[in-house]
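What follows is a single structure, written as structure tokens, with notes after it.
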Amino acid sequence: MKKSHIDAKDAWHSSHLWMVAIFIMATILGLTIATSISISILRPLKLLDDSAKLIAGGNLKELLYIQKKGEITSLANSFNQMILSLRHQIRTSKTILEAIADPIFTVDMAMNLTYFSPACEKLSGYTSKEVIGKKCYEIFKSDICEKQCAVKSSAKNGTPTYNVEVQMKTKDQKSIPIMASASSIKDEQGNIMGGCEVFRNISEQKRMLRELKEAEEQLIISEKMAALGRLASCVSHELRNPLAIIQNSAYYLKHKFTDQDAKLHKHLGIIENEIISSNKIIDELLGFCRTTKSELASNDINKVIELSISRIQLKPNITIEKNLAPELPPVPLDKEQIHQVFVNLISNAEYSMLNNGGKISITSRQNKGMVEIEIGDQGCGIPSSDLKKLFDPFFTTKIKGIGLGLAITKSIIQNHHANISVNSVVGEGTSFFISLPIAKEYSKTVS
Amino acid sequence: MMNGKTIKKSGETIEKREKLKILVVDDQSGMRETLSDILQDAGYVVEAAVDGYCAIKKAGKQFFDIILMDVIMPGINGVEAIKEIKKLNSQTKFILMTAYSAETLINEAVKLGIYQYINKPFPPEQIISILENINKNKTKNDE
Ligand SMILES: Nc1ncnc2c1ncn2[C@@H]1O[C@H](COP(=O)(O)OP(=O)(O)OP(=O)(O)O)[C@@H](O)[C@H]1O
Ligand SMILES: [Mg+2]
């Protein structure tokens, strides 16, 4: 019995020891398993978690690297796959954005620039670095930024705005016309996050449109001139017959009334004088019609200038100063017509100084492939509102003017493939500039 | 004496010579009327025609020393009329009057042989002096 008691006690003791041993073992095993779990699962999970945070923050630079094979590794691989695909997607959208030739920028709700495409950089002169985070209106300073900003309104009500014509400022404060379209940027839930604007430099189109308009106006003017020319020619010729008849009648009466009725003779004289001035008007009109054709021959322009000066009788309070460049290359010109041009310009200059007198300066010079003539006066000048109409037929400010002088001049100048321009300051004077192309055989050696 | 007769005769011829016969051809009545009156007053014998056909007809019936011819007229133009009249009589002198710049026609007429051309409107003195010149030359040649 006692033995059995001892046995029982021993047995308990030994079983207790076992339990301790097992417990220790279990603990060790547990620890080992825990460590190994921590190494093989928790650490990679932590890495994954870090990586996910980085991706969320927009960083796609780092890929995950997990040595051991297993479930986690395959998860990490999927993760890497995702990073690569994200990288690819982002690269693709960026490439597309940057490949778009028209400038694009985006802003957040506070109008701070968030993206500024290379085309935007190129057009504006700013670098992306300089402007990101700044207010778009402080950068572009367009004429409608304050009142009706396209991006702002698109960002506000979510509807796109198309083709708004705006003037924007480049970095060097040059104003350029642009055509802009704007739209809002929304997140997945449809909340508006900001706006995006695409625009295009339309300077070239504007210039072309302007030129087209000018050409059209020019065409209309030359058509008008041609029609006017035909009409003028017709009317002038038809008027010559009745004028000739009136002249004959006046002549007859003058010779018939031999008694010395002074008044009667005075009136017959008036009729004759008025016939003479009517004829002058007709001559001028016909001169205007005849300018459609020019017979060009190489000539020394200085000689034509001298000839015109010699033929004009100026009022005593007007002087002429010549500054003629010696040995100018010959210019193809119609001598009579260019003479007419000088007469027109010189008599206009004289008229402008009629009250106070003054100097008409006539200058000739060579400039590249052209011979330039400048006729300047110190007269009343031309108000800028008149400058546009100056060369229009029948534009005149003179009581007895017809307003054909400059129209004829322009028409002749055009026939010579030449140019005429004017510079005038009211109260100081006016200068007309004519530039004629040099004769071909000379222009080669000259220019 | 015979002398008296001769004198009278030569007097008659001089008288006849001085009174040159002129035909005014113009479609405008005002021109015909005024020129006729002026030239008659200046001592010429003047007839008028309204167009080229009428002028040819008249020139066929009688001799005119001078024909004042307008260029542009309805029907045939002045130059065509001159051509026809020249066929009838080579002695007639032509003065062409024109209000238009009808250069080709004028050139043609100059080639045909005309005495002069003048642009309308012209001072009547100009026509008178041209006629006087013709008259002088004619008197000289006849003597
Ligand atoms: N040198 C000048 N200085 C000031 N005004 C000028 C000058 N040249 C031209 N102008 C202005 O331009 C107008 C048009 O000139 P233009 O020679 O065509 O006609 P006009 O002199 O009035 O009449 P005309 O047919 O007799 O020449 C003038 O009436 C005048 O107002
Ligand atoms: Mg003038």
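Summary of computed values
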| read-out | value |
| --- | --- |
| Within region A:366-390, tally of residues that are within 21 Å of residue A:317 (Cβ to Cβ) and either more than 6 Å from ligand 1 (Cβ to nearest atom) or small (Gly, Ala, Ser) (or both) | 5 |
| Single unsatisfied condition, residue A:249 versus (1) facing another protein chain (nearest Cβ under 8 Å); (2) modelled with pLDDT under 90 | (2) |
| Sole residue being in contact with a Ser or Thr (Cβ under 6 Å, 6 or more places away or on another chain), free of Cβ contacts under 8 Å to residues at least 60 places away in the same chain and either under 26 Å from residue B:41 (Cβ atoms) or more than 14 Å from chain A (Cβ to nearest Cβ) (or both), chosen from B:110, B:71 | B:71 |
| Residue among A:266, A:280, A:293 that is more than 10 Å from chain B (Cβ to nearest Cβ) and in contact (Cβ under 8 Å) with a residue 24 or more places away in the chain | A:293 |
| Residue A:350 more than 33 Å from the chain's Cα centre (by Cα), closer than 30 Å to residue A:298 by Cα and away from ligand 2 (no atom under 16 Å from the Cβ) | no |
| Criterion violated by residue A:306 - all others in (1) in contact (Cβ under 8 Å) with a residue 24 or more places away in the chain; (2) within 28 Å of residue A:287 (Cα to Cα) satisfied | (1) |
| The listed residue being in contact (Cβ under 8 Å) with a residue 60 or more places away in the chain, more than 9 Å from ligand 1 (Cβ to nearest atom) and more than 14 Å from every other protein chain (Cβ to nearest Cβ), out of A:393, A:326, A:316, A:330 | A:330 |
| Residue match in region A:397-405 (condition: of a type outside the set (Lys, Arg), touching a Phe, Trp or Tyr at 6+ places or on another chain (Cβ under 9 Å), assigned to a loop (DSSP other than H, G, I, E, B) and in contact (Cβ under 8 Å) with a residue 40 or more places away in the chain) | yes |
| Matching residues, region A:324-345, being over 13 Å from residue A:412 (Cα atoms) and within 38 Å of the chain's Cα centre (by Cα) | A:325, A:328, A:329, A:330, A:331 |
| One residue from A:126, A:65 being assigned by TED's automatic domain parsing to the domain that holds residue A:172, in a loop (DSSP other than H, G, I, E, B) and not aliphatic (A, V, I, L, M) | A:126 |
| Condition met for residue A:240 (within 26 Å of residue A:416 (Cα to Cα) and of a type in the set (D, E, K, R)) | no |
| Tabulated pairs, region A:227-241, first at the interface with another protein chain (Cβ under 8 Å from one of its Cβ atoms), second among the small types (Gly, Ala, Ser), C-beta under 7 angstrom, 6+ apart or interchain | A:237/B:99; A:240/B:99; A:241/B:99 |
| Members of region A:406-421 found to be at pLDDT 90 or above and within 8 Å of ligand 1 (Cβ to nearest atom), listed by number | A:406, A:409 |
| Number of the exception - residue A:140 against (1) surrounded by 12 or more Cβ atoms within 10 Å (Cβ to Cβ); (2) closer than 30 Å to residue A:412 by Cβ | (2) |
| Any hit, region A:305-312, residues being away from chain B (no Cβ under 14 Å) and not in a helix (DSSP H, G or I) | yes |
| Qualifying residue in region A:379-388 (condition: in a helix (DSSP H, G or I), more than 12 Å from ligand 2 (Cβ to nearest atom) and aliphatic (A, V, I, L, M)) | yes |
| Total residues in region B:45-58, condition away from chain A (no Cβ under 14 Å) and under 16 Å from residue A:251 (Cβ atoms) | 0 |
| Selection from region A:340-365 of residues that are surrounded by 17 or more Cβ atoms within 10 Å (Cβ to Cβ) and either more than 10 Å from ligand 1 (Cβ to nearest atom) or more than 30 Å from residue A:289 (Cβ to Cβ) (or both) | A:340, A:341, A:342, A:353, A:358, A:361, A:362, A:363, A:364 |
| Any chance residue A:93 is assigned to a helix (DSSP H, G or I) and within 17 Å of residue A:128 (Cβ to Cβ) | yes |
| Residue A:155 being surrounded by 18 or more Cβ atoms within 10 Å (Cβ to Cβ), modelled with pLDDT under 90, on the phi < 0 side of the Ramachandran plot and in a helix (DSSP H, G or I) | yes |
| Counted residues, region A:160-175 - those being outside any strand (DSSP E or B) and either surrounded by 12 or more Cβ atoms within 10 Å (Cβ to Cβ) or free of Cβ contacts under 8 Å to residues at least 40 places away in the same chain (or both) | 5 |
| Members of region A:397-421 that are surrounded by 15 or more Cβ atoms within 10 Å (Cβ to Cβ), over 14 Å from residue A:288 (Cα atoms) and within 16 Å of ligand 2 (Cβ to nearest atom) | A:420 |
| Residue list for region A:176-212, filter: among the acidic types (Asp, Glu) and without any contact (Cβ under 8 Å) to a residue 60 or more places away in the chain | A:187, A:188, A:204, A:211 |
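Rundown of residues vs (1) of a type outside the set (Ser, Thr, Tyr); (2) farther than 29 Å from residue A:182 by Cβ, yes/no style:
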site: A:41; (1), (2): yes, yes
site: A:61; (1), (2): yes, yes
site: A:102; (1), (2): yes, no
site: A:114; (1), (2): no, no
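The values are calculated or read from the model by the stated rules, or taken from the named source; none is laboratory data. Quantities reported herein were computed from a predicted structural model and do not represent experimental measurements. Because the Cβ atoms are built from the backbone with ideal geometry, glycine has one as well, and the counts that use them run over all protein chains shown.
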